[in-house]
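See structure below.
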Amino acid sequence: MRSLLSLLSDGAFHSGEEVGAILAISRAAVWKQLHKLQQDTGLSVESVKGRGYRILGGLEFLDCDLITTLLTDRARPLLEGLEYSAQIDSTNARALTLAQAGLAHGVAVLAEQQTAGRGRRGRSWTSPFGRNVYASIGWEFEGGAAALEGLSLAVGVGIVRALARVGVSSLKLKWPNDVLWQGKKIAGVLIEMVGDASGRCQAVVGVGINVAMHRAFESQAIDQPWADAESIAGAHVSRNAVVAAMLSELLPLLHEYHIHGFREWMAEWQSLDAMAGRSVQVFTGEARRDGVAQGVNHQGALLVSIDGSTEPIYGGEVSLRLA
Ligand code: BTN
């Protein structure tokens, strides 16, 4: 399967004869393999009579050596390992397994596709093959959950910085950590934790970034408006460059987070706040309260003025909508 994908990854047409000859299989077997490939990955292979087969727009595989080369000098020594899978249930689930065995610190898990990608609040994360970035970084903290306060917001800032490095700008943040472009979601963060909630614990920082989602979907199948890096930049955006930029921001952030915590990131988060000063609805389960968003405090709680008083809203199961 990998050799077939590699052959078609250039986006050019390849005739059935050529594919068969290179893979040393019959033309009938080529057709079967292509059918299986489409079923397994969800990729669509275009077939044109007289020209052959192609993957429209080609495919850039993740390349761990290239990613390591592209890291900044500050981030490279902080990366303990890169684990790559073509297909996985969820990079967060894998990183949590590593964390439980004490093996996740500084390790980034990457995949071309997730079959059970997880989003916040029990949602799923749409994860088509080879189009986006799905990554989870393990990091060990002393000081339990308190040491992680505001971390997910800081990570949102790191992702905005990373995307700016690859030419994707004008992004905003929606509390706690949705990365938006013109109100549409381009990236999300899911932090999960194992270990001692008041002592040594392992955080798994899961990041999903839409890079070339437009090549996988028109607009259907996803329950909220989305954007992707290529559509915003109006050019090809390399997934390897996105992963390297993201790790270059997040590894130093994780390494130094214990020193100042969210205080260090608060001003930048506020400058990117998509909701500041706007009327919002705060949902806790079914219950809804209306107010005006007033930024965040140094713990990363959202401040909302409701009936004349300002209330901090902490993470967890809360969601936020523009009124
Ligand atoms: C959100 O709902 O906004 C959070 C989405 C987080 C998705 C990423 S993709 C890589 C990692 N693995 C998962 O299963 N989820 C996170």
Qualifying residue in segment 55-63 (condition: surrounded by fewer than 18 Cβ atoms within 10 Å (Cβ to Cβ) and assigned to a helix (DSSP H, G or I)): no
Those residues of segment 208-229 which are modelled with pLDDT of 90 or more, under 20 Å from residue 89 (Cα atoms) and in contact with a Phe, Trp or Tyr (Cβ under 8 Å, 6 or more places away or on another chain) amount to 208, 210
Subset of segment 70-100 [in contact (Cβ under 8 Å) with a residue 40 or more places away in the chain and over 20 Å from residue 131 (Cβ atoms)]: 71, 72, 74, 75, 78, 79, 95, 96, 98, 99, 100
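Residues in segment 103-137 that are of a type in the set (Val, Ile, Thr) and farther than 23 Å from residue 76 by Cβ: how many? Don't jump to the end; show me each part of the working.
Step one: filter segment 103-137 for residues of a type in the set (Val, Ile, Thr), giving 107, 109, 115, 126, 133, 137.
This time we only want the ones that are farther than 23 Å from residue 76 by Cβ, so: 115, 126.
Looking only at that region, the number is 2.
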Among the residues in segment 78-101, are any over 24 Å from residue 194 (Cα atoms) and part of a loop (DSSP other than H, G, I, E, B)? no
Restricting attention to segment 179-201, which residues are crowded, with 18+ Cβ neighbours inside 10 Å and among the small types (Gly, Ala, Ser)? 187, 188
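Of all residues in segment 121-175, which are of a type in the set (Val, Ile, Thr) and either more than 14 Å from the chain's Cα centre (by Cα) or closer than 26 Å to residue 97 by Cβ (or both)? Before you say what the answer is, go through the steps one by one.
From segment 121-175, those of a type in the set (Val, Ile, Thr) are 126, 133, 137, 155, 157, 159-160, 166, 168; that's our starting set.
Of everything in segment 121-175, those that are of a type in the set (Val, Ile, Thr) and either more than 14 Å from the chain's Cα centre (by Cα) or closer than 26 Å to residue 97 by Cβ (or both) turn out to be 126, 133, 137, 155, 159, 166, 168.
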Selection from segment 265-294 of residues buried (at least 16 other Cβ atoms within 10 Å of the Cβ) and either without any contact (Cβ under 8 Å) to a residue 60 or more places away in the chain or over 24 Å from the mean Cα position of the chain (by Cα) (or both) yields 276, 280, 282, 291, 292, 293, 294
Taking segment 96-129 and the residues there that are more than 28 Å from residue 272 (Cα to Cα) and more than 14 Å from the ligand (Cβ to nearest atom), the one that is surrounded by the fewest Cβ atoms within 10 Å (Cβ to Cβ) would be 101
Within segment 74-90, restricting to residues that are among the charged types (D, E, K, R) and either at pLDDT below 95 or under 16 Å from the mean Cα position of the chain (by Cα) (or both), the one that is farthest from the ligand (Cβ to nearest atom) is 83
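The values are calculated or read from the model by the stated rules, or taken from the named source; none is laboratory data. Note that this is a predicted model, so its numbers are computed, not measured. Positions of Cβ are backbone-derived with ideal geometry, glycine not excepted, and every protein chain shown enters the neighbour counts.
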